[in-house]
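Chemist: This is the structure, below, for whatever I ask next.
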Amino acid sequence: MIDFLAKFFRREEASSSRARERLRLVLMSDRVSLAPDIFDAMKGEMLDVLRRYLEIDERGMDVHFENAERQFALMANIPVREVKTHDAIALARRVAVPEGAEFTSAKQTASADAANGSAAQQATMTVPRRRRRRRARTAAIAPLASQPNDDAGTPQSNDDAGTPQPNDDAGAPPPSG
Amino acid sequence: MPDLERDVQDAPAAPAGASSQLQLDAPSAAPVKLGRSIVVTSGKGGVGKTTTTANLGTALADAGRSVVVVDADVGLRNLDVVLGLENRVSKHLLDVIEEKCSLDDALVRDRVRRNLLLMPAAQNREKDDVPEEKMALLVRQLQERFEFVLIDCPAGIEQGFRNAVVGAQEAIVVTTPEVSAVRDADRVIGLLPRNIELKLVVNRVRPAMVKKGTMMSVADVNAILRLDLLGVVPDEREIIIATNRGTPVIDIEGSETGAAFRRIARRMLGEDVPIPSFEDKSNFVTRIMSTLGLGRS
């Protein structure tokens, strides 16, 4: 009888929210593992930034997504051989963002960055609208594939000279290293 | 009921005496108005693809359309059983593809609805035996003769899935409000060709559980999949009874599930039919009854 009453009055746990949360996490990891090209591009760009400041042991590094209990996380284990000197960092940064080109290229890439940034974010980090995700994926892949280092601000950034903009920065020193 | 399938077949555009054999390299005849080819798919098994295909096919036939339902589940055919046509199957899809028989030899006509036909799958063969190009050609041939070609896709994402999808212009993705079904639906959506028009059917919804918060709602599911919602089908005991008998659930009077399938068919025909909110009909008394194991779930 008590059993019966318990059954009747028991409030079942609202497990649908648990289902929603599990689904959200599992799909994020599914979708990321299905887009290795995007993942590699992101890893490459992250490393480009890190290399300006650090000597990295690339063979020992490990970057992956992890579906932890409550959140989906990017786990990175990147062995550092050496922290660069102040001067080396300054040099690396100057090369990365050529001074002469700074103004125009900043302006040019700002919109591209915004577009790519939001697209990439949609493709991986949120659960985006389906059709938009499809477009976003191609949008995110295309510029990365054709101009691999453009947005990373690496030395090749005067790829911008190829755009119809007047190339004031055509005379900028060729990138070194 | 007029024999619409015959009407379509005898349409002036069809060349007189055209062989219904698969002609692989025959030049395409004068332009025929093609029917719609729609694959019913889900990724996960057991979410109700076959039931959906059978009931939508039947409802579309009731609406006066000529319909063929194609069982693409080679090796595990079931559409014949759900439609109650299992005793009439003699030839099958692979016989047609391998030119062992004509299209008409393989097609099985429904007993009640003469404008509904079934293309059975082979039971003693494997999915890899079907070449994609020939499957595409077969679907195309069916489109020339029928207004609707509904393809029942097997579970999985392997060759059987590719064969079922290759000739389709539209896809109905069936899912249930469960983590595993939604996950697989998401995967399948990513694998479908980009030019396919996608629609979502959420099957096996239990409004009482949704209300209690013990089942994900349709909104929860579609917040993730983000497809055009074609319909919501409530879970009901009638579906089991209908399958036992081999009659489509839309023929069972008073069935909510059947009514939901009929509404979906009308939406497929372009009618603007609202999706009801499936109010939880249980009250205090029925809750006591169901707690005691009496009455309907």
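Chemist: Suppose the chain between B:Ala223 and B:Glu158 were pulled fully straight at 0.36 nm per residue; how much longer would it get relative to their current alpha carbon spacing?
Modeler: Working it through step by step, the gained length comes to 20.7 nm.
Chemist: Describe numerically, in nm with one decimal, the distance between label points set 7 Å from Cα along Cα→Cβ at B:Asp104 and at A:Arg18.
Modeler: 6.0 nm
Chemist: Same structure, new question: Taking 0.36 nm per residue of sequence separation and subtracting the Cα-Cα distance, how much length would be gained by fully extending the chain between B:Ala136 and B:Arg194, in nm to one decimal?
Modeler: Length gained, B:Ala136 through B:Arg194: 19.2 nm.
Chemist: Other chains near B:189-198: what is the mean number of their Cβ atoms within 10 Å of each residue's Cβ? Let's see the in-between values first.
Modeler: Numbers: counts 3, 8, 1, 0, 0, 3, 0, 0, 0, 2.
Shielding by partners across B:189-198 averages 2.
Chemist: Only loop residues by DSSP count here, and only those with at most 13 other Cβ atoms within 10 Å; note down the trypsin sites (Lys or Arg not before Pro) in the range B:194-270 that meet that.
Modeler: The qualifying sites are B:Arg194, B:Arg237.
Chemist: Within the range B:28-94, report the trypsin sites (Lys or Arg not before Pro) that DSSP leaves as loop and that have at most 16 other Cβ atoms within 10 Å.
Modeler: Qualifying residues, ordered by number: B:Lys33.
Chemist: Amide H neighbours of B:Arg204 under 5 Å, counting only residues 5+ apart in sequence or on other chains, H built in-plane at 1.01 Å?
Modeler: B:Val233, B:Asp235
Chemist: Evaluate the relative contact order of the range B:31-291 (contact order divided by residue number), counting alpha-carbon pairs under 8 angstrom at least 6 apart; express in whole percent.
Modeler: Details: 511 pairs, mean separation 63.3, N = 261.
It comes to 24 percent, rounded to a whole number.
Chemist: Would you kindly derive the ³J(HN,Hα) couplings of the range A:49-54 from the backbone phi angles with the Karplus curve 6.51 cos²θ - 1.76 cosθ + 1.60 (θ = phi - 60°), listing them in order in whole Hz, with x for Gly and Pro?
Modeler: Whole-Hz 3J(HN,Hα) from phi for the range A:49-54: 5, 4, 5, 5, 10, 9.
Chemist: With unit charges on the beta carbon (Lys/Arg positive, Asp/Glu negative), name the residue among B:Met215, B:Asn124, B:Val89 whose Cα is farthest towards the positive pole of the charge dipole of the range B:31-291.
Modeler: B:Met215
Chemist: Spelling out what I want: for every residue of the range B:132-138, take phi, set θ = phi - 60°, compute 6.51 cos²θ - 1.76 cosθ + 1.60 (Karplus), and round to whole Hz; glycine and proline get x.
Modeler: 4, 5, 5, 5, 4, 5, 4
Chemist: Using the count of nearby Cβ atoms within 10 Å as a rough guide to exposure, how do B:Leu150, B:Leu85 rank from fewest to most?
Modeler: B:Leu85, B:Leu150
Chemist: Still on this structure: Take the residue pairs B:Lys127/B:Lys199; B:Lys91/B:Lys199; B:Lys33/B:Lys134; B:Lys49/B:Lys199; B:Lys44/B:Lys91; B:Lys33/B:Lys91 and return only those whose Cα atoms are more than 23 Å apart.
Modeler: The pairs that break the limit, which is 23 Å between Cα atoms, are B:Lys127/B:Lys199; B:Lys91/B:Lys199; B:Lys44/B:Lys91; B:Lys33/B:Lys91.
Where a number appears in this text, it was derived from the coordinates with a stated rule and is not lab data. Just so you know, these numbers come straight off a predicted model, no measurement behind them. Because the Cβ atoms are built from the backbone with ideal geometry, glycine has one as well, and the counts that use them run over all protein chains shown.
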